[in-house]
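Below you'll find the structure, written out as structure tokens, and then a few comments.
The values are calculated or read from the model by the stated rules, or taken from the named source; none is laboratory data. Just so it is clear, the model here is predicted, and its values are computed rather than measured. All Cβ positions, even for glycine, are placed from backbone atoms using ideal geometry, and neighbour counts span all protein chains on display.
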Amino acid sequence: MAVVADASRLQSFLAFDFGLRRIGVASGTRLLGAAEPRGTLKGGDFDAIAALIQTWQPDALVIGVPRHPDGAPHEMTAKAQNFGRRLAGRYHLPVFEVDERYTSVEAEGQGAHDVDAAAAALILEQFFREHP
């Protein structure tokens, strides 16, 4: 996916842990370098995503892209990337991809009540580390 903005200039973000049935959501700012889980949406609920974007007014969006442990893409990789393209087309915001291997496992290990939203927060924090 082509990135149309310099990540270092953007300050507020919404992140998504994409799934066909559920999409975890988190928000965060570069200033704090931290993310907060914001809940889980039904997969494909673009009305709810639009409402979140209206509420949070992010500068950009971040999506977790799953891969096999060796980094190779699989079926969900393409579906997550397609979701990112749909977000970019609908909301006209830059969309950044993050390799999200093991974020759900890590969220579960931390005892998260809402694993999908916690995974989205981990995805966003990883983005902040990779794009200081």
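Scan segment 34-77 for residues that are farther than 18 Å from ARG22 by Cβ, small (Gly, Ala, Ser) and within 15 Å of the chain's Cα centre (by Cα) and the total you get is 2. Could you identify the single residue in ASP99, ASP116 that is at pLDDT 90 or above and either crowded, with 17+ Cβ neighbours inside 10 Å or in contact with an Asp or Glu (Cβ under 7 Å, 6 or more places away or on another chain) (or both)? Unique residue meeting the criteria: ASP116. If you go through segment 16-36 and keep only what is without any contact (Cβ under 8 Å) to a residue 24 or more places away in the chain and more than 16 Å from GLN126 (Cβ to Cβ), you end up with ARG21, LEU31. The residues of segment 88-122 that are more than 27 Å from ARG9 (Cβ to Cβ) and either in contact (Cβ under 8 Å) with a residue 40 or more places away in the chain or in a helix (DSSP H, G or I) (or both), listed by number, are SER104, VAL105, GLU106, ALA107, GLU108, GLY109, ALA112, ASP114, VAL115, ASP116, ALA118. Could you give me the residue pairs with C-beta distances under 8 Å whose first residue belongs to segment 50-63 and is exposed (fewer than 12 other Cβ atoms within 10 Å of the Cβ), whose second residue is part of a strand (DSSP E or B) wherever it lies, and which are 6+ apart or on separate chains? Between residues of segment 50-63 that are exposed (fewer than 12 other Cβ atoms within 10 Å of the Cβ) and residues that are part of a strand (DSSP E or B), the close pairs are GLN57/SER12. Would you say ARG85 is charged (D, E, K, R), in a loop (DSSP other than H, G, I, E, B) and surrounded by fewer than 21 Cβ atoms within 10 Å (Cβ to Cβ)? So ARG85 does not fit the description; no. Selection of segment 11-33 for residues being of a type in the set (Ser, Thr, Tyr) and out of contact with any Phe, Trp or Tyr (no Cβ under 6 Å at 6 or more places or on another chain) yields SER12, THR29.
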